[in-house]
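Quick notes on the structure that follows.
The values are calculated or read from the model by the stated rules, or taken from the named source; none is laboratory data. It should be emphasised that the depicted structure is a prediction, and the values quoted were computed from it without experimental measurement. Here the Cβ is made from the backbone with ideal geometry for all residues, glycine too, and neighbour counts use every protein chain on show.
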């Protein structure tokens, strides 16, 4: 197992840009790890919010954002890549560390199923008003 892109991965500016579009400055630590896996990605993100977000607030924010998303599943424990193997699902778990106020978010996908091709089909469906999962499930 190897970490890469330390201390600032090349995608960190994109992540911060999208989060800052919500209205507050955000600093994200993003460190991917190379693992000897044939498929699957597990992401761990640590964020120090600008204001005092509680664990309950965090849960409600994620639920409001993703409850209607057919390919996102919110779970209470950090997901593993085996949980999403051979699916188009993204499994997400968000937590607040009460000791330091940081938010910790984990996301797992099967990058061979939830890869560029299925994202393209999903976006095409949305653009043409078709059911989002048509041709994907």
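The table for this structure:
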| item | result |
| --- | --- |
| Residue that is nearest to residue 19 (Cα to Cα), among those in segment 104-137 that are surrounded by 15 or more Cβ atoms within 10 Å (Cβ to Cβ) and at pLDDT below 90 | 114 |
| All positions within segment 62-81 that are closer than 10 Å to residue 92 by Cα and loosely packed, with under 13 Cβ neighbours inside 10 Å | 76, 77 |
| Segment 19-37 - residue that is without any contact (Cβ under 8 Å) to a residue 40 or more places away in the chain and closer than 20 Å to residue 115 by Cβ and, of those, surrounded by the fewest Cβ atoms within 10 Å (Cβ to Cβ) | 36 |
| All positions within segment 39-52 that are surrounded by fewer than 16 Cβ atoms within 10 Å (Cβ to Cβ) and more than 25 Å from residue 89 (Cβ to Cβ) | 48, 50, 51, 52 |
| Leading residue by the ranking (nearest to residue 87 (Cα to Cα)) among those in segment 62-72 that are touching a residue at least 24 places away in the same chain (Cβ under 8 Å) and in a helix (DSSP H, G or I) | 66 |
| Subset of segment 84-102 [crowded, with 18+ Cβ neighbours inside 10 Å and either in contact with a helix residue (DSSP H, G or I) (Cβ under 6 Å, 6 or more places away or on another chain) or within 18 Å of residue 38 (Cα to Cα) (or both)] | 84, 88, 89, 90, 91, 94, 96 |
| Residue 80 vs. criteria at positive phi and touching a strand residue (DSSP E or B) at 6+ places or on another chain (Cβ under 8 Å) | no |
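This table checks each residue for (1) part of a strand (DSSP E or B); (2) touching a strand residue (DSSP E or B) at 6+ places or on another chain (Cβ under 8 Å); (3) at pLDDT below 90; (4) under 24 Å from residue 76 (Cβ atoms).
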{"position": "17", "(1), (2), (3), (4)": "no, no, no, no"}
{"position": "22", "(1), (2), (3), (4)": "no, no, yes, yes"}
{"position": "45", "(1), (2), (3), (4)": "yes, yes, yes, yes"}
{"position": "52", "(1), (2), (3), (4)": "no, no, yes, yes"}
{"position": "56", "(1), (2), (3), (4)": "no, no, yes, yes"}
